[in-house]
Amino acid sequence: MDKPNLPFHDLEFSAEDRFWTGGDATTRRVYLMAVSPPSEFVAFGALVPSEPCFVARGQVEQHLGPFIERMAQDGAKVELYEWPPLPDWLIKEYASNPPWEGHEVENPTGTPVRGMVRSSVDTYEPVPGTPLWTPGEAAQRSIFITPVKDASEFLALGVLTGTDTVVFSKKGTVQRTLGALIAQAVNEGARVELHAWPPLPKDVLHLYLEPVLDTPTR
């Protein structure tokens, strides 16, 4: 199979570009993926069942919310994956440094999080006047967003930076509430990162997910 020459959109400069040249709401999919550094994300646009259309990359705090909103306006279904259902060569080529730098990335290693979100985790709903962080907590605030078994959903963990202390946990739908959570977190002074698996001990993650699965062999 020949490798297609896909349009690449750096969202720092191309947020208003035309992303789709075909398909409709029944066929358009966007697969979000965590990359390094975790302050960034990569998005793969595709037409089902398996036709890649474009790649986009941007900053989580600045670009992810507006990008999700734009994709919804274009009739695309947006999902969050540890490893999207696309050819490995495509993910390796674009999920590390920008492709013009000529770098590739190895398959993820470690313990990715693809578990079911526990029922004890609250569903995020943006409510004016209801903060994510309660007064008096440390000024250093981080939120780790991670994919879960249902790719249409996400898990967000509010953590005191430099510790394993989880202050709050939230779950929600990628398309409907992820952008709102990011915007609220930034307004409250938190650093927002996207992780295939958060930098937290496994026993801590088990409090919010069941089970935490090992990386599959590729």
Of all residues in region 182-195, which are out of contact with any Ser or Thr (no Cβ under 7 Å at 6 or more places or on another chain) and within 20 Å of E82 (Cα to Cα)? I182, V192, L194
I'm trying to understand the selection: among the residues of region 180-201, which are in a helix (DSSP H, G or I), touching a residue at least 40 places away in the same chain (Cβ under 8 Å) and over 14 Å from T146 (Cα atoms)? A180, A183, Q184, A185, V186
Pick out, from region 1-62, the strands (runs of 3 or more DSSP E) lying fully within it that include 3 or more residues that are of a type outside the set (A, V, I, L, M, F, W, C) and open to solvent by less than 30 Å² (accessible area, probe 1.4 Å). 51-59
Residue among T123, T134, T173 that alone is at pLDDT 90 or above and open to solvent by 60 Å² or more (accessible area, probe 1.4 Å): T123
Out of all the residues in region 5-37, which are modelled with pLDDT under 90 and in contact with a strand residue (DSSP E or B) (Cβ under 6 Å, 6 or more places away or on another chain)? D17
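The values are calculated or read from the model by the stated rules, or taken from the named source; none is laboratory data. Given the structure is predicted, the values throughout are model-derived calculations rather than measurements. Counting neighbours? That spans all protein chains shown, and the Cβs are built from the backbone with ideal geometry, glycine included. For the accessible areas, the whole protein counts, side chains as well, though only heavy atoms, and no ligand, DNA or RNA atoms are used. Shrake-Rupley method; radii C 1.70, N 1.55, O 1.52, S 1.80 Å.
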